[in-house]
Amino acid sequence: MSDSGAPSGLVDGPQSGSTTSSNGARTDPKEQEAVCDIMRATGNDWATEIPDVCRGRWHGIECMPDKDNVFHVVSLSFGALSVDTAFPTCDPTQSFISPSITKLPHLRTLFFYRCFTNNPQPIPSFLGQLGSSLQTLVLRENGNIGPIPHDLGNLTHLTVLDLHKNNLNGSIPVSLGRITGLRSLDLSCNRLSGSIPNISFPSLSVLDLNQNHLMGPLPIPLLSSNSLLKIDLSRNRISGPLPNLSLNDLILLDLSYNALTGPLPESLKDLKSLQALILNGNPTISTTIPENAFEGLNNLMILGLSNMNLGGPIPESLGRLTTLRVVHLDGNQLNGTIPPSFAKLNGLSELRLENNRLTGPIPFQRERVWKMGRKLRLNNNFGLCYDPKSGLGDDLDTLSSAGIGHCETAKNGPTVSVQHISTDGDVLKSSTNSGAQKIAISRKVIGMTAIFLFVSCLL
């Protein structure tokens, strides 16, 4: 292999199908025949009429010449990613991957997108025969069924393996551990089950296994690559304690909707590059949030700790993370007040604190409440209210949707009068209690929506 990853004997610099040559170079005859077979198998019979596939004017194929000016196929791509792409589309009712793919000994990239949706079929094991050359294998949203073939472990030069959003079942093959140079592994949105094997990839930067049926403990060896930028294991059945991670470059950590347990690890504050921490929907964590839990996370933009059975106060230190844009702490048992430091979160665009036990005035001025609008959710707490001096009193629509009451302290004593804004007709109700303050808020519960598109399966 050359430094560029090209098989020995090829001249660097792929030539796309739209590039012609005037020096008489032609495609290897065996590879020409193989490409015609592959095109027929995807419903693209038109390509069989092209006399030289590496010199024909069509996208989806890339070729490279060897030292004798013979062109070899190094990349094949199928499927309409968008209106701007010009890859050959597949006939979804009858397409399949032709075994002739194994007759392309220099193939580095193989890409199929939405090609077999109406003709579900297993991933062919013969793809493992491309181990001497293949670097990128993408079989995305194709409706592939059955298990992941163990033979894919023979693709020891792979750097990208993407099997996102198929109907694959069974366990993750231990044989994948032989692909030691893997940099991106995406098996998300399938039906994979069993424990995640204790395999490791020293160069791994993207690990996405979300929306499967995986169970058992977190795979510490798999989470130990210092080059990891993204870890998404959300929406599985993974159990056990939250891990201590020491990953200086990690940007996204999503372990939401599993069965993980607390406490929150002290190592969280060591993830200095972290921009998104999403642990929603792990109710068995059941702990308090340490005051310094997120200290030093100066790049954090998204924090999701919803429905985790958390108790105690909201740490004041959260308000010092000035990069925060989205904070979800709803569906817990948090008490006390919203920290005054939250007033300094000028970039905050979404805050969910509903369904807790919070009391006292909200620390925001009118402009911040107006900007968040319905993304500020404070309903179903023990007694949140707003100070009329903050300028919020004339913004009843926004306050109503956020479920915020109006605090007004009487001059003659500790009696507190609280006006509640009802979502049913904007009726203002007043109640007065002497001695101990008791505040009752009655309104419609606003449903929780998804909080992070980074890891969704809509793409």
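The values are calculated or read from the model by the stated rules, or taken from the named source; none is laboratory data. Because the structure is predicted, anything quoted here is derived from the model rather than measured. As a convention, Cβ positions derive from the backbone with ideal geometry for all residues, glycine included, and neighbour counts pool all protein chains shown. In case anyone asks, the SASA skips ligands and DNA or RNA and just uses the protein heavy atoms, side chains included. Shrake-Rupley method; radii C 1.70, N 1.55, O 1.52, S 1.80 Å.
Identify all residues within the stretch 55-65 that are part of a loop (DSSP other than H, G, I, E, B) and open to solvent by 60 Å² or more (accessible area, probe 1.4 Å); write none if there are none.
Matches in the stretch 55-65: 55, 57, 59.
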Within the stretch 346-372, the residues that are of a type in the set (Gly, Ala, Ser) and over 23 Å from residue 300 (Cβ atoms) are 360
Every residue from the stretch 119-176 that is closer than 20 Å to residue 206 by Cα and of a type in the set (Asp, Glu): 141, 162
Name the residues in the stretch 66-81 that are open to solvent by 20 Å² or more (accessible area, probe 1.4 Å) and assigned to a strand (DSSP E or B), would you? 66, 70
Considering only the stretch 333-355, state which residues are open to solvent by less than 10 Å² (accessible area, probe 1.4 Å) and not in a helix (DSSP H, G or I). 334, 338, 339, 345, 348, 351, 352, 353, 354
Determine which single condition residue 338 fails, assuming it passes every other condition in (1) under 21 Å from residue 387 (Cα atoms); (2) among the β-branched types (Val, Ile, Thr); (3) out of contact with any strand residue (DSSP E or B) (no Cβ under 8 Å at 6 or more places or on another chain). (3)
Tally time: how many residues in the stretch 268-324 are in contact with an Asp or Glu (Cβ under 6 Å, 6 or more places away or on another chain) and either surrounded by fewer than 17 Cβ atoms within 10 Å (Cβ to Cβ) or part of a loop (DSSP other than H, G, I, E, B) (or both)? 3
Working only within the stretch 114-148, note down all residues that are open to solvent by 20 Å² or more (accessible area, probe 1.4 Å) and within 19 Å of residue 160 (Cα to Cα). 114, 124, 125, 126, 129, 132, 135, 136, 140, 147
